[in-house]
Amino acid sequence: MRYLDREAFGKLVDALAGAGYDLIGPTVRDGAIVLDHIDGAEDLPSGVGEEQGPGTYRLTSRDDDMVFSWAHGPDAGKRFLFPAREVLCTAKRNDGQLTVECRPGDERPFAFVGLRSCDLHAIAVQDRVFLDADPHYARRRERALFIGVNCAVPGGTCFCTSMGTGPKCTIGFDLALTELPGGFVVEVSSPRGEQMIEVVRSREATEEEVRAAQAVTTEAEGQMGRSLDVADMPELLYRNREHPRWKDVAARCLACGNCTSACPTCFCHDIVEGMSITGDTATRTREWASCFSEEFSHIVGMEIRKSRESRYRQWLTHKFASWIDQFGTSGCVGCGRCITWCPVGIDVTEEITAIRATDGEVEVAEEVMAS
Amino acid sequence: MMAVDLRSLEVPPESAEGTPTRVATIRRIVQETPDTFTYWMTFRDPVDRATYRFAPGQLNMLYLFGVGEIPISVASDPELPARIAHTIRSTGRVTDAFRLLKPGDQVGVRGPFGRPWPLREARGGDLMIVAGGLGLAPLRSAIYQAIRHRGQFRRLMVLVGARGPEHMLYRQELDMWNQWMQFRGVETYLTVDVADDQWPYDEGVVTTLFPKVRVDPEWTTAFVCGPEIMMHFALRGLRDMEFPMDQVWVSMERNMQCAIRVCGHCQFGPKFVCADGPVFRYDEVADLMEVHEL
Ligand SMILES: Cc1cc2nc3c(=O)[nH]c(=O)nc-3n(C[C@H](O)[C@H](O)[C@H](O)COP(=O)(O)OP(=O)(O)OC[C@H]3O[C@@H](n4cnc5c(N)ncnc54)[C@H](O)[C@@H]3O)c2cc1C
Ligand code: SF4
């Protein structure tokens, strides 16, 4: 374990920006801690905390100058590695000759600062979807640097301990920081991380500092806002496709798709065709799509998931159950963003708990009940 | 302190390739029904012409410049892959735009994708092909292959239903196969929901053909494709005849935008129809097919 004082950490962040990396880090904007392009360490939050609950998020001020004593804002790495809109291919037609090019762009590589363990796990989940299939994602992903942060203050909707994805960073980082009052205990986990830390003055962390860092994690583990029993997945949800709870939650759900946007692993998308005004160039643009929209399941003459109930069931069952069959991992990393950013505060942990409590219950058709 | 070149941290990506779009030129357009046309095409690039292969039941993503890309089954003989056919019913934005195409026009082709009809499974026994309406398009390639390898099966039965005589795809071919019966051993059974005076075959939905065919379910492999309602009744008919579920194969339809299991649209329970299907063994999906709005 290494130790970086606050100043050295700031220099490291600035050095990454100076070396031409597109620096992505948390910063306070519009009443939230968002992840965005930042210029350097001075853009990071300081002395800011947050309160999260079902359908609520607000900033608080802390009486210290801690940089990372909060959980997460609305966005994770997804917005950068898998942007909401991206031109994948450009087609041209000249004298009747068609050409289609799908080469990834040559943007600056990202350096992520301050991703949480759940965010790093979410990237590992999306890797299983995109890394072999999509050169655009793969190029950005493989060039990026990752400085993770071990959480000290989980949010009111966090349940990463239940999903085995936090609060301490275990995968997907070059450096992982645990913030202590004067600086950071740093775990170096890759050759790139070793090179990064060489850039600034660091020293071996003392035993006491290492112990203090461990205590941060232990304490965070005890402060999870939520918990969830994921035993018997995927079967639990597979055998409860006709459970009455789907109708119950559908009556509350607005089908707004906030949860799918806020979710750091949701990958569904549309490919949208656009045409230049001159008519000789067309673009194939990938846009985030939500399984909560009716047109998502459109085939000729019908929408397969017409009812809101079937769309909620699709989302939750995909996330917690079929994802396991498809990609060998749960699609949920326990960050709780879908709970925080749901305008009506629907809580996935509560929905799954309710289904588990009445496992096997089947919705009785109304005609049957009447007779 | 050592000077480190942070730029050198960048690893060269050994990136995924993505699926290439090949360009094909429309050669011939055949009208099949009032709203359905078959487009014969060849690849522009000689290397593509020489290397492109597909198996029966697989799909291509067909791209129309400035309009969009849609999943369409390959409807020609898999053993003549240099010239492929797609049969397309115009029902919306992209399929309507196909009607404006003329020979010489170019389209993009990504593919082939998906799991094919498993002709191997039927070897040594009987093969029964059951198609409703446009469902004949993805089965036509299987019929061609079965005829080429006719010796591998005992009976080869082709059952086709359509709304009316004018909605029957590949009419000339079907008549021809029907006449071949004596010497090639292709049994064709054709029916339409509503017949007219000239219609020489049966009248009624496709399941009304089942008793006529007198299949031996234990020895028969069935391939079924058609509109949802037709599939529903056909599968029920096969169950009633006590067909073993693992000898029945179906082709499913879902929205598809990528065909490489990343867009998420074609999910059917845990399955991705584009990659795990579109052809499924009935027992793999029977439970899922029972769930409303899955
Ligand atoms: C495996 C498979 C094989 C198919 N084979 C054939 C075939 O051989 N012949 C044939 O005529 N049709 C076939 N279809 C159906 C064909 O894909 C649709 O008719 C076509 O996508 C409709 O596009 P549209 O723009 O004309 O319709 P619209 O109703 O205007 O559709 C709007 C858009 O939805 C998207 N979309 C994606 N998948 C579908 C879908 N399955 N149905 C409708 N829209 C979709 C497309 O971007 C489409 O442009 C097949 C579908 C699948 C899944
Ligand atoms: S889910 Fe865990 S890792 Fe993610 S922000 Fe909350 S406490 Fe941190």
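The values are calculated or read from the model by the stated rules, or taken from the named source; none is laboratory data. The shown structure was predicted, so the numbers you read here are calculated from the model rather than taken from an experiment. Here the Cβ is made from the backbone with ideal geometry for all residues, glycine too, and neighbour counts use every protein chain on show. Just the protein is used for accessible areas: all its heavy atoms, side chains included, with ligands, DNA and RNA removed. Shrake-Rupley method; radii C 1.70, N 1.55, O 1.52, S 1.80 Å.
What the table shows:
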read-out	value
Single unsatisfied condition, A:ILE277 versus (1) among the aliphatic types (A, V, I, L, M); (2) within 13 Å of chain B (Cβ to nearest Cβ); (3) in contact (Cβ under 8 Å) with a residue 12 or more places away in the chain	(3)
Some residue of segment A:309-331 being away from chain B (no Cβ under 14 Å), buried (at least 16 other Cβ atoms within 10 Å of the Cβ) and in a loop (DSSP other than H, G, I, E, B)	no
Odd one out for B:GLU284 among (1) open to solvent by less than 40 Å² (accessible area, probe 1.4 Å); (2) closer than 30 Å to A:LEU131 by Cβ; (3) more than 11 Å from chain A (Cβ to nearest Cβ)	(1)
Qualifying residue in segment A:300-309 (condition: under 30 Å from A:ARG116 (Cα atoms) and within 25 Å of the chain's Cα centre (by Cα))	no
Of all residues making up segment A:46-70, the number that are assigned to a strand (DSSP E or B) and out of contact with any helix residue (DSSP H, G or I) (no Cβ under 8 Å at 6 or more places or on another chain)	8
Residues (more than 14 Å from chain A (Cβ to nearest Cβ) and touching a residue at least 40 places away in the same chain (Cβ under 8 Å)) located in segment B:246-279	B:GLN247, B:TRP249, B:VAL279
Failed item in (1) surrounded by fewer than 21 Cβ atoms within 10 Å (Cβ to Cβ); (2) part of a loop (DSSP other than H, G, I, E, B), with B:PRO78 passing the rest	(1)
Failed condition for B:ALA85, given (1) out of contact with any strand residue (DSSP E or B) (no Cβ under 9 Å at 6 or more places or on another chain); (2) more than 9 Å from ligand 1 (Cβ to nearest atom)	(1)
Residue that is farthest from ligand 1 (Cβ to nearest atom) [pool: residues in segment A:280-308 that are open to solvent by 30 Å² or more (accessible area, probe 1.4 Å) and assigned to a loop (DSSP other than H, G, I, E, B)]	A:ASP280
Single residue of B:GLY125, B:GLY92 found to be away from ligand 2 (no atom under 16 Å from the Cβ), within 14 Å of chain A (Cβ to nearest Cβ) and of a type in the set (Gly, Ala, Ser)	B:GLY92
Criterion violated by B:PHE243 - all others in (1) of a type outside the set (D, E, K, R); (2) in contact (Cβ under 8 Å) with a residue 60 or more places away in the chain; (3) in a loop (DSSP other than H, G, I, E, B) satisfied	(2)
Any pair with Cβ under 8 angstrom, 6 or more apart, that starts in segment B:154-175 at a residue that is acidic (Asp, Glu) and ends at one that is loosely packed, with under 15 Cβ neighbours inside 10 Å	B:GLU166/B:PRO34
Which listed residue, of A:LEU120, A:LEU131, is open to solvent by 20 Å² or more (accessible area, probe 1.4 Å) and aliphatic (A, V, I, L, M)	A:LEU131
